[in-house]
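One structure is given here, and the rest of the page talks about it.
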Amino acid sequence: MINKPIIVEIKQVQKEAKNTFSLQFQLPEKMEIPRPGQFLMIWVPGTDEIPISIAKIDESRNTLMIIIRNVGETTGILTSSKKGDEIGIRGPMGNGFRLEGTRPLLIGGGIGVAPLIALTDKLLNAKMEIHFINGAKTKDDLVFHDYLRKKIPKYHVTTDDGTMGFKGFTTDKLKELINNTKFDQIYTCGPEIMMKTVLDTALSKNIPIQANLERIFKCGMGLCGHCVLDPTGLLTCKDGPVFSTNQLKQISDFGTQKRDFNGKKIPI
């Protein structure tokens with residue numbers, strides 16, 4: 001893991017969904033190849049440093065891709081980037097997904113689909129037959145829809161407003177699929193309330209789950225303690241961001257509370 005930002009040049013910028021763009025850049029020679037589920041700390045000179053999941057890992061070309069949704073000052077600058085602009089990166093950080101089971105189901109909500117893209121590539125390379133639920137509020141918010149529908153025969157879309165695919169939540173589709181198909185592993189990333197329902201549903205069927213949590217990271221290295229999960233003391237950035245069934249069951253915060261930028265607990 002590299003703890004000092006390395007400056008990289010953006011090689012490609014592409015719009016992926018409403019207010020959402022992908023940035024592609026070369027993997028620095030000194031940086032180890034990331035695993036799906038790990039993240040980078042992205043530094044934008046003059047503003048801030050923020051954690052971003054790695055969406056695609058192309059080992060043949062030594063390139064990485066991240067997906068950014070414009071939700072604030074730093075993400076706004078990143079989504080306005082042009083080819084040739086420079087950013088700082090450090091990492092890869094955290095613990096990624098573990099490849100377990102042979103009949104996996106992937107569930108992504110909104111921008112949470114990002115780390116599941118790299119995992120999808122890994123699972124397909126392992127010749128696994130996967131189901132993938134890609135959910136968003138409306139069709140314009142769907143991330144990597146065209147890529148996933150071409151890659152995965154058993155690909156399911158849900159939108160809250162019914163503008164594409166199944167009308168309803170990803171968790172509604174999950175409950176439908178889980179009653180008709182046997183899965184031995186569930187991977188998920190997205191809104192934490194969604195993932196809490198995924199966990200409860202998986203527990204009812206005794207299916208192990210791996211969830212990629214998103215919390216506010218300041219250091220990304222487990223030093224500041226800002227992303228601690230009560231009452232376990234687990235740090236999202238260091239012990240996660242991917243957590244297993246047994247870990248999630250012990251985290252009372254999961255799906256209920258998080259910390260704001262000042263470290264104060266607030267409802268999710």
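Give the residue, chosen from Lys150, Lys139, Lys154, Lys122, that is among the basic types (Lys, Arg), under 18 Å from Ile186 (Cα atoms) and free of Cβ contacts under 8 Å to residues at least 60 places away in the same chain. Write out each step before concluding.
Numbers: Lys150 fails: under 18 Å from Ile186 (Cα atoms); Lys139 fails: under 18 Å from Ile186 (Cα atoms); Lys122 fails: free of Cβ contacts under 8 Å to residues at least 60 places away in the same chain.
Exactly one residue qualifies, and that residue is Lys154.
When you scan the stretch 45-61, how many residues do you find that are of a type outside the set (D, E, K, R), modelled with pLDDT of 90 or more and farther than 21 Å from Asp239 by Cβ?
2
I'd like to check something: does the stretch 75-84 contain any residue that is part of a loop (DSSP other than H, G, I, E, B) and under 24 Å from Leu235 (Cα atoms)?
First, pick out the residues of the stretch 75-84 that are part of a loop (DSSP other than H, G, I, E, B): 80-84.
So of that shortlist, the ones also under 24 Å from Leu235 (Cα atoms) come out as none.
Taking every residue of the stretch 75-84 in turn, none turns out to be part of a loop (DSSP other than H, G, I, E, B) and under 24 Å from Leu235 (Cα atoms).
Inside the stretch 151-160, can you point out the residues that are open to solvent by 30 Å² or more (accessible area, probe 1.4 Å) and modelled with pLDDT of 95 or more?
Lys154, Tyr155, His156, Asp160
Quick test for you: out of Leu199, Leu248, Leu203, Leu234, pick the one residue that is without any contact (Cβ under 8 Å) to a residue 60 or more places away in the chain and touching a Phe, Trp or Tyr at 6+ places or on another chain (Cβ under 6 Å).
After ruling out the rest, the residue left standing is Leu248.
In the stretch 165-224, which residue that is of a type in the set (Asp, Glu) and under 17 Å from the mean Cα position of the chain (by Cα) is nearest to Gly72 (Cα to Cα)?
Our first condition is that a residue be of a type in the set (Asp, Glu); within the stretch 165-224, this holds for 172, 176, 184, 192, 200, 214.
Narrowing further to those that are under 17 Å from the mean Cα position of the chain (by Cα): 192, 214.
Details: Glu192: 20, Glu214: 16 Å.
The qualifying residue nearest to Gly72 (Cα to Cα) is Glu214.
Take Met93 and tell me if it is open to solvent by less than 20 Å² (accessible area, probe 1.4 Å) and over 23 Å from Cys189 (Cα atoms).
Here the answer is no, as Met93 does not meet what is asked.
Can you find a residue that is within 24 Å of Arg98 (Cα to Cα) and free of Cβ contacts under 8 Å to residues at least 40 places away in the same chain anywhere in the stretch 61-71?
Yes, the conditions are met somewhere in the stretch 61-71.
Working only within the stretch 21-37, note down all residues that are surrounded by fewer than 24 Cβ atoms within 10 Å (Cβ to Cβ) and either in a loop (DSSP other than H, G, I, E, B) or in contact (Cβ under 8 Å) with a residue 60 or more places away in the chain (or both).
Phe21, Phe25, Leu27, Pro28, Glu29, Lys30, Met31, Glu32, Ile33, Pro34, Arg35
The values are calculated or read from the model by the stated rules, or taken from the named source; none is laboratory data. Keep in mind that this is a model prediction, so the values were computed, not measured. All Cβ positions, even for glycine, are placed from backbone atoms using ideal geometry, and neighbour counts span all protein chains on display. Accessible surface areas use protein heavy atoms only, side chains included; no ligands, DNA or RNA. Shrake-Rupley method; radii C 1.70, N 1.55, O 1.52, S 1.80 Å.
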